[in-house]
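The values are calculated or read from the model by the stated rules, or taken from the named source; none is laboratory data. Please read these numbers as outputs of a predicted model, since none were measured by experiment. Here the Cβ is made from the backbone with ideal geometry for all residues, glycine too, and neighbour counts use every protein chain on show.
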Amino acid sequence: MEPDNNLSDYVKEGSFYKSVVEDGSDIIFIVDYYGNILYHNPSVEDTLGHEPGSLINKNFFNYVKPETLSSFQEDFRQSTTKPYDESVEFRFLCKDGSFKYLEFNSINLKHKENLEGLILDCRDISQRKKDADELLRAQKAKEQFLANMSHEIRTPINGIAGMANLLFEATSEQDRFQYLNAIKHSTENLKVIINDILDLSVIESGKLKFETIGFNIKYQLGAVVDTFIYQSKERGIDLGYSISPEVDHVLLGDPVRLNQILINLISNALKFTHIGEIKINVELDRKEGSRYWVKFEVSDTGVGIPEEKVDQIFDSFTQADESVTRRYGGTGLGLSIVKQLVELQNGSISVQSRENAGTKFIFLIPYQFGSEKDLVHPKGRSSSIQARSHSFEGLKVLLVEDNDINRLYALNILKKWDCGVDQAENGYTALEKLKANEYDIILMDVQMPIMDGYEATKIIRKTFPDPKKGVPIIALTANAIKGDNEKCIELGMNDYLPKPFQPDDLYKILTKFVAVTSHPSDSPQESITDLTYLKNVSNGDKVFMKEMVETFIKNTPIAINEMQKWMNEAEWEQIGKVAHKIKPSITFMGIDRLKPLIKNIEDYGKENYNTDHIPNLIETFSTECQKAIDELKIMIEKDFV
């Protein structure tokens, strides 16, 4: 429809305060009731790219995003019935072909000048819409995150509950041990999964740390499968595994991450398999130099995945379709984590599936082959308290813990090791105990009422006299978020022990910071050194071995003296350099207990960090090295027999 002539004259006369809108930053349009554009100011070019005057006599509706035009025309019609209107959102076509979010406030000229037209004062709200979308995505991510925690935690909890039920019905000692071992294994995996979920950003960024330790593949896989026995039997699913003799070996890698991958895949298979079987097969795919590519296959006879959905199966928060979510629950995070864990270990993963015919996940991870001496826990019972080769008899421990159950658990372990234990329920009580008594080590909970572990540690380090101010303090922390553990070190604690901890974890901490003595019933006394590595690299050449040992005996005291000299001058970086030079000798002599100690000295020195701990570390290192030297001298006299 043609523009109203009276309205056109009104625009030409400029009686709508043209001087104001010409210089304003807002976009101004004057349109009639039918959308014909009679005027627009220069800001249209600044924001939308259209040249001055280029839209006059064009229709406003032709520039509104087509998908939203119908609703916008209704909003526009409503504006023509009101004296004023505000906050009407729409998307307008820019010169470059894109659409920009705008919002107008309108003045109806019918009510002021008796003319059928609107003055539209428009503002660019693109950033506001972007911020709103980001907020919506963040809210959705939060909801998905909480759902993901439930999904990831559910599997090991089900394993624990299932094993507990079987434990009540067990009649044989063998069955009871199997179920208890499965419960223990599930709790360990549950702790790892919680840590990963609380710090999911670390996985996403690819900065997750992986261990390289020895593990037995048959033991690892068997323990994982055991956690699903109750669920599979309850559902009538046959669950089994096979391992090729070529890989029935000690591997060097990260067994906990392998557990997590297998747990997710087996859990996924159980969820979608209603009849039939689930099989896990492990075999050697190929060998490349010293790397052995181990292939794992987890196959099921379940519902399968539609062909068009297979490519999306590893995406975060994705399942085959909405009906899957309604029927089975979960959010699909498990397979996304699996893919990242595999690829971060330089591996690969793929899936083969047919709808209603089952699914097979295949992943390959490169490992190196190790030997029995590389095993951390080669057998289920080898790490039990009763098998310890050292005694802490007479060790004086201050246990600071406000939780009754946690305190009872730690107290029970320490008493079995013949430690003398005093207890405190908060930091303030701990300070009073330390004033009145001498302790070899303090186990300090972090979060406590009245005074927390952080504050108590700061007071000990700053105000107590020697040697009490230097007593080793180990943080007992339930915090799984990265950064909290570093805070413990920064505030003066020597190390941290995440809760819930195993007796092995506590044992390692104690041996790291306090001197241990041989148990009277043990024979013979455990060696400090182990020349297996030196023997292997020298092919048993005794002349070469003797030269290496004599070099260690000669040079190590010199290096320690050098560190002590730099320590007196507070030249921490120089200490770090000396420690770096000593490290290879520690490896050649097989003094494993000193590896973390010398690494801490090196790191603290180079980074000029925790320097108040360096003197104690050097003193401990010096004492242990002297023991090693005495032992090596005897070995030389006996010609390494």
- Note on the structure: How many residues of the stretch 397-420 are on the phi > 0 side of the Ramachandran plot and in a helix (DSSP H, G or I)? The answer is 0
- Scan the stretch 202-210 and give yes if some residue there is under 20 Å from Leu375 (Cβ atoms), in contact with an Asp or Glu (Cβ under 8 Å, 6 or more places away or on another chain) and at pLDDT 75 or above, otherwise no. yes
- Task: Only residues that are among the acidic types (Asp, Glu) and buried (at least 17 other Cβ atoms within 10 Å of the Cβ): list them for the stretch 390-429, please.
- Result: Glu401, Asp402, Asp422, Glu425
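Residues checked against (1) modelled with pLDDT under 85; (2) within 18 Å of Asn158 (Cα to Cα):
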{"site": "Ile237", "(1), (2)": "no, yes"}
{"site": "Ser242", "(1), (2)": "no, no"}
{"site": "His249", "(1), (2)": "yes, no"}
{"site": "Phe272", "(1), (2)": "no, yes"}
{"site": "Ile275", "(1), (2)": "no, no"}
{"site": "Lys287", "(1), (2)": "no, no"}
{"site": "Val298", "(1), (2)": "no, no"}
- Message: Where the second residue is of a type in the set (Val, Ile, Thr) and not in a helix (DSSP H, G or I) and the first is without any contact (Cβ under 8 Å) to a residue 24 or more places away in the chain and farther than 14 Å from Ile509 by Cα and lies in the stretch 396-414, which pairs have Cβ atoms under 8 Å and are six or more apart or on separate chains?
- Response: Leu411/Val421
